[in-house]
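Every read-out reported here was derived from the displayed coordinates using simple, explicitly stated rules and does not represent laboratory data. Please read these numbers as outputs of a predicted model, since none were measured by experiment. Cβ atoms come from the backbone with ideal geometry, glycine included; neighbour counts cover every protein chain shown.
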Amino acid sequence: MSSLLLTDDNDLDISSNSFSVIDGADYIKQSLKTKLQLFKGESFLDLDKGIPYFQEILKKQADLSRVETIFKQEIINTDGVVELLEFSLDYANSTRTLSIEFTVKTEDGIIELSEELL
């Protein structure tokens, strides 16, 4: 599997005056980051794709165990991911930020990722 390289802002990376292609562990890491940032209903190609942020996460008194399950399923169902080794979710009520850290075993090695999502 391969894809075009994206910047940290999710724009196409054209820093070398051409498109860069990634594969292997870099592809899987980029896929994970992209999937976790996609809101359900945001993609006009598939309205069922994405995390149900508005439906289940960004609501008053969201069920954190349900939120954790949603993210774990999305991670495990990513192409190339073999096993979820570690996972932690942290919601800071005072700043209203949601952060996750996880480690996955992939076909191309171990990937550790830490994302502040909201």
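With a cut-off of 15 Å between beta carbons, the residues surrounding F19 carry a summed charge of -4, where Lys and Arg count +1 and Asp and Glu -1. Within the chain, the longest segment free of exposed loop sites, counting chymotrypsin sites (Phe, Trp or Tyr not before Pro) that fall outside DSSP classes H, G, I, E and B and have at most 15 other Cβ atoms within 10 Å, spans 45-118.
The phi-based Karplus calculation (6.51 cos²θ - 1.76 cosθ + 1.60; θ = phi - 60°) puts the 3J(HN,Hα) values of region 48-61 at 8, 6, x, 8, x, 4, 5, 6, 10, 9, 8, 10, 4, 6 Hz, whole numbers, x for Gly and Pro. Across the chain, counting alpha-carbon atoms alone, Rg and Dmax equal 15.0, 47 Å. Label separation (D26 vs A92): 3.2 nm, computed from points 7 Å beyond Cα along the C-beta direction. Rounded to the nearest whole Hz, the Karplus-based 3J(HN,Hα) values (6.51 cos²θ - 1.76 cosθ + 1.60, θ = phi - 60°) of region 108-118 follow the sequence 10, x, 8, 10, 10, 9, 10, 9, 9, 8, 10, with x at glycine and proline. For D13, the residues 5 or more places off, or on other chains, whose built amide H falls under 5 Å of its own are L5, L6, T7, S20. Label positions at D9 and T69, each projected 7 Å from the Cα along the C-beta direction, are separated by 3.9 nm. Separation of the alpha carbons by more than 20 angstrom is noted, of K29/K60; K35/K72; K35/K105; K29/K49, for K29/K60.
Placing unit charges on the Cβ atoms only, positive for Lys and Arg and negative for Asp and Glu, gives the chain a dipole magnitude near 500 debye about its Cα centre.
Principal-axis analysis of the Cα atoms of the chain puts helix 64-76 at an angle of about 20° to the longest axis. Each part gets one Cα centre, and for region 20-67 versus region 68-100 those centres are 10 Å apart.
Rounded to the nearest 10 degrees, the inclination of helix 24-37 to the longest alpha-carbon principal axis of the chain is 40 degrees. Amide H contacts under 5 Å for F39: I51, restricted to partners 5 or more places along the chain or on a different chain, H placed in the peptide plane at 1.01 Å from N.
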